[in-house]
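What follows is a set of notes on a single structure, which appears directly below.
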Amino acid sequence: MEIENQETNTKPYLSLADRWRIMHFKELEYSGDEVSKIDAVYRKWQETGDVINLPKTGRPKEVTVEESKIVLETIKAKPPS
């Protein structure tokens, strides 16, 4: 199982498929290096009935990733005179 990194997330991101695999390992009483991650996903499943991340709280970003890329490309293409 590989941990993916999302561009906007600083913490390791587990795919939905990996989370369901963790549920399977937990049911088999799996133990090992990823026990804490397995336990966290299992607790989430026990509390919510699902393993999907809930929407994050806080103020939304003012600029999207695409808008940021456009601004950077524009700056690189036309340096200030």
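The values are calculated or read from the model by the stated rules, or taken from the named source; none is laboratory data. All of these numbers come straight from a predicted model, not from anything done at the bench. Positions of Cβ are generated from backbone atoms using ideal geometry, with glycine treated the same way; all protein chains shown enter the neighbour counts.
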### Task
May I ask you to list the residues in segment 53-81 that are surrounded by 11 or more Cβ atoms within 10 Å (Cβ to Cβ) and closer than 20 Å to Ser15 by Cβ?
Asn53
### Message
Testing Gln6 on (1) in contact with a Phe, Trp or Tyr (Cβ under 7 Å, 6 or more places away or on another chain); (2) at pLDDT 80 or above, one condition comes back false. Which one is that?
### Response
(2)
### Message
If I filter segment 60-71 for residues that are without any contact (Cβ under 8 Å) to a residue 12 or more places away in the chain, basic (Lys, Arg) and over 30 Å from Met23 (Cα atoms), do I get at least one hit?
### Response
yes
## Note on the structure
Note: among Lys37, Lys11, just one is within 17 Å of the chain's Cα centre (by Cα) and at pLDDT below 65, namely Lys11
